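A short worksheet on the structure shown next.
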Amino acid sequence: VILEQAPSAEAVPSAELDSPAEQVGPVAWVVSARSEEALRAHAAQLAEAAGSGLSPADVAATLAARTPFEHRAVVLGATPGELLEGLRSLAEGAPGDGVVSGSAGSGRTVLVFPGQGSQWGAMARELYASA
């Protein structure tokens with residue numbers, strides 16, 4: 001066995017780092033707010049700002065990193081025009097192509113870790129009945 005140092009990585013020219021990532025396929029813009037009215041207002045603000053030539057992929061990454069609130073919507077589009085059209089329909093409260101909206105449930109969530117397979121059936125019934 002011959003061990004030696006790995007080849008050095010080639011430096012990426014700074015011009016390539018500054019250019020926006022090329023979008024391949026549809027992009028999902030996730031929008032959320034504390035109320036339905038605020039969701040529509042946020043969609044209207046986003047439509048106004050996104051019309052200034054921002055990269056759809058960069059906008060999607062920024063929106064995905066935001067805190068999710070109760071009222072949510074996802075706008076899907078393969079082109080900036082489709083995304084803007086979806087945002088405008090969301091802002092108007094009208095159904096639109098590529099727009100899905102709803103609110104997060106307020107129910108309680110239970111996570112169950114089953115352990116051994118043969119014990120699972122009885123454990124699940126007892127846990128469900130007691131919790």
Query - Failed item in (1) open to solvent by less than 50 Å² (accessible area, probe 1.4 Å); (2) part of a helix (DSSP H, G or I), with Q45 passing the rest - result: (1)
Report task. Would you check which residues across region 90-131 are among the charged types (D, E, K, R) and at pLDDT 85 or above and list them? Result -> E92, D97
Query raised in the report: Tally time: how many residues in region 90-101 are surrounded by fewer than 14 Cβ atoms within 10 Å (Cβ to Cβ) and on the phi < 0 side of the Ramachandran plot?
Result: 4
Query raised in the report: For the subset of region 17-34 comprising residues that are under 30 Å from G105 (Cα atoms) and open to solvent by 40 Å² or more (accessible area, probe 1.4 Å), which member is modelled with the lowest pLDDT?
Result: P26
Query raised in the report: If the Cβ limit is 6 Å and pairs must be 6+ apart or interchain, which residue in region 48-64 that is within 18 Å of V74 (Cβ to Cβ) pairs with which residue that is in a helix (DSSP H, G or I) and open to solvent by 50 Å² or more (accessible area, probe 1.4 Å)?
Result: P56/P80
Query raised in the report: If a residue has to be open to solvent by 60 Å² or more (accessible area, probe 1.4 Å) and at negative phi to count, how many in region 48-70 make the cut?
Result: 12
Query raised in the report: Is it the case that region 71-89 has a residue that's open to solvent by 50 Å² or more (accessible area, probe 1.4 Å), at pLDDT below 85 and part of a loop (DSSP other than H, G, I, E, B)?
Result: no
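The values are calculated or read from the model by the stated rules, or taken from the named source; none is laboratory data. Note that the coordinates shown come from a computational prediction; the quantities given were computed from them, not determined experimentally. Note: ideal-geometry Cβ built from the backbone for every residue, glycine included; neighbour counts use all protein chains shown. We work out accessible area using only protein heavy atoms, side chains counted, and drop any ligands, DNA or RNA first. Shrake-Rupley method; radii C 1.70, N 1.55, O 1.52, S 1.80 Å.
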